[in-house]
Amino acid sequence: MKLYSRPLSPYSSIIRCIAYYKQAPIKIVAPPPGFPIPEEFRAISPFNRIPVLITGSGLTIVEASVIAEYLEEHFPERPLLPVDSRDRAIVRMMARATELEVLAPVMELFELFHLKSKDDARINKLFKQMEVGLTEVEKRLGQGPYALGEEMTLADAWLTPTRFVFNNFRDMVGRPDLLDPYPQFDALQQRIVQDPVLSLVWYEMADGLKIFLGELESA
């Protein structure tokens, strides 16, 4: 298997997290350099974005949520979904809320804040969506070392890169107190850096951010 990924990409980081936890034999490769990804990559990824997983049979799988489910089913030995159906539903809800209602608006806000002309109405709408998503995630976070308690789940794979992006995001928007209403989500960083798998992804993203910022300065 081959995974097209970049260290700083949160969606790619989700899949690397799952692959590391399951000790899956996946070769991680970078897409062509450049931002956005050059058009030539569309021959591999129809949406010209990462992550992309190429399976051993040659099947190309796109979209992080689909790749995550595929890896969970293909490598069942170290499951990331609980046995209990209620807990499975909670994990899936938390992962989807993190993906669609927190990470997605934040990533769009990153783009909007770099535009010379700001769309204030859209920015305010995205902040509201993000706050509703964070409120929902905050309600469901458990007290154990992981999102649901004592075992790592798919929710942790989504939460780790999502929590990471908030450090830089708070600085960019000038709101250092952004996560004050969400203390459990904010405290995820302390849990993440103590875990051998989650911390690996966290520090890969940190290294990727340093490289990215260095490239911006030299551009």
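Within the range 47-68, the set of residues being part of a loop (DSSP other than H, G, I, E, B), within 20 Å of the chain's Cα centre (by Cα) and not hydrophobic (A, V, I, L, M, F, W, C) comprises Asn48, Arg49, Pro51, Glu63. Once the range 23-46 is narrowed to residues that are modelled with pLDDT of 95 or more, assigned to a loop (DSSP other than H, G, I, E, B) and exposed (fewer than 14 other Cβ atoms within 10 Å of the Cβ), the residue that is nearest to the chain's Cα centre (by Cα) is Ala30.
Figure legend. Inter-residue proximity from the range 85-107: first residues over 18 Å from Ser9 (Cα atoms), second residues polar (S, T, N, Q) and at pLDDT 95 or above, beta-carbon distance below 7 Å, spacing 6+ or different chains. Indicated pairs: Val91/Thr153. Filter the range 70-98 for residues that are among the acidic types (Asp, Glu) and farther than 16 Å from Arg16 by Cβ and give the result. Across the range 70-98, the qualifying residues are Glu73, Glu77, Asp84, Asp87.
Conditions tested, residue by residue: (1) among the hydroxyl-bearing types (Ser, Thr, Tyr); (2) assigned to a loop (DSSP other than H, G, I, E, B); (3) assigned by TED's automatic domain parsing to the domain that holds Thr162.
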{"residue": "Tyr70", "(1), (2), (3)": "yes, no, no"}
{"residue": "Val106", "(1), (2), (3)": "no, no, yes"}
{"residue": "Leu112", "(1), (2), (3)": "no, no, yes"}
{"residue": "Leu115", "(1), (2), (3)": "no, yes, yes"}
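Of all residues in the range 58-79, exactly one satisfies the criterion of being touching a Ser or Thr at 6+ places or on another chain (Cβ under 8 Å) and small (Gly, Ala, Ser), namely Ala64.
Keeping to the range 117-141, report how many residues are over 21 Å from Pro183 (Cβ atoms) and outside any loop (DSSP other than H, G, I, E, B).
First pass over the range 117-141, keeping only residues over 21 Å from Pro183 (Cβ atoms): 117-126.
Those still in the list that are outside any loop (DSSP other than H, G, I, E, B) too: 120-126.
The qualifying residues number 7.
The values are calculated or read from the model by the stated rules, or taken from the named source; none is laboratory data. Not measured: the values here are computed from a predicted model. A quick note on method: Cβ atoms are made from the backbone with ideal geometry, for glycine too, and the neighbour counts reach across all protein chains shown.
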